Amino acid sequence: MRLMMVAGVRGENIEHLKLRLEARPPTLLLFTEPSEPVTEESKPVEMPFHHCHRDPLPPLGLTPERLHARKQLYAACAVCFVFMAGEVVGGYLAHSLAIMTDAAHLLADVGSMMGSLFSLWLSTRPATRTMTFGWHRSETLGALASVVSLWMVTGILLYLAFVRLLHSDYHIEGGAMLLTASIAVCANLLMAFVLHQAGPPHSHGSRGAEYAPLEEGPEEPLPLGNTSVRAAFVHVLGDLLQSFGVLAASILIYFKPQYKAADPISTFLFSICALGSTAPTLRDVLRILMEGTPRNVGFEPVRDTLLSVPGVRATHELHLWALTLTYHVASAHLAIDSTADPEAVLAEASSRLYSRFGFSSCTLQVEQYQPEMAQCLRCQEPPQA
């Protein structure tokens, strides 16, 4: 009897399926057994438009922005290495701790740029089942390593400068120091020029024209489209400031050798300035690693944009974060009216987030609104920081 009932239910389902197929326009259906090999025709291909993919599949390799960043880093790294070797020789001949300090900072720059180049290469690797977002955040980790390396080198040199202030048993060759300091200023100016050149216009596919990323925001404009280049540029700015200080100290020592204490004093003062110059990069890196809201994307504007979509009654589980300074991600639950079309709401909400805020990825879950959501603790908005 049970078998007859199951057969009867299956027969009704088949008849119902036939009626549905007859009511639809002619469609080509392809059925393959699971054990059959995948043919060339059945392999996934990129479609001109898909239900959730607004942009075409990105090309493999580095984007134009990152290719430009790599060229900048290669050029700056070469210049930095050549002049670092010159400063080591000049600092040794002049017995100048300030010159050696500048050379050590250039060494830290070379190491950080090499790390940045490695992170750029690593970020081109495709996403995997373990690294589902890909390797974009390696760029941020490279910037963090650059900042930490500068802090470590500067700490050592500050200690050496303090020792020289306590003990005055040292001699400085003013002429060699002046020549080396002058060359160092020229080298840092050249590196700053290479790293500060504006790259190709940044965009997120079809959404970039209406979006200003973090480093191009109205409050602190900085025409750098890559975290690693920005960190290297900040490094060079700190070195340039110190090079000017070393040049001033070398001029003083050249004409007044009795004021040789200017060498450790300049090392002490301008190393502190170099540490302070890393604060903006360190702030942005920590904000990214702590999954903070992107600095130029506010929680309230995004929430209001979602609530303005026709049919949306409430939002909850709204999360905004970033993988890099320019790769922003959003996810949210949308509670809609029972009469609203879920697919239309999803399409409109996604379109507004992409066009108004330039998110690189949006994940929205559509569900029917329930009155209990107003009292649900998990559906409440997070408090102000």
So how compact is the range 293-385: Cα radius of gyration and Dmax in angstrom? 13.0, 39
Considering only V345, S361, L323, whose Cα is most displaced toward the positive end of the charge dipole of the range 299-375, charges sitting on Cβ of Lys, Arg (+1) and Asp, Glu (-1)? L323
Size-normalised alpha-carbon gyration radius of the range 84-166, reference 2.2 N^0.38 Å: 1.49
How high is the relative contact order of the range 299-375, given as a whole-number percent (alpha carbon pairs under 8 Å, six or more residues apart)? 32
Compute the distance from the alpha-carbon center of the range 170-192 to that of the range 68-82, in whole Å. 20
Dipole in debye (nearest 20) - the range 299-375, about Cα centre, beta carbon charges: Lys, Arg +1; Asp, Glu -1: 280
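Values quoted throughout were computed directly from the atomic coordinates according to the rules given, and no laboratory measurement underlies them. As the structure is a prediction and not an experimental result, all values here were calculated from the model. All Cβ positions, glycine included, derive from the backbone under ideal geometry; neighbour counts span all protein chains shown.
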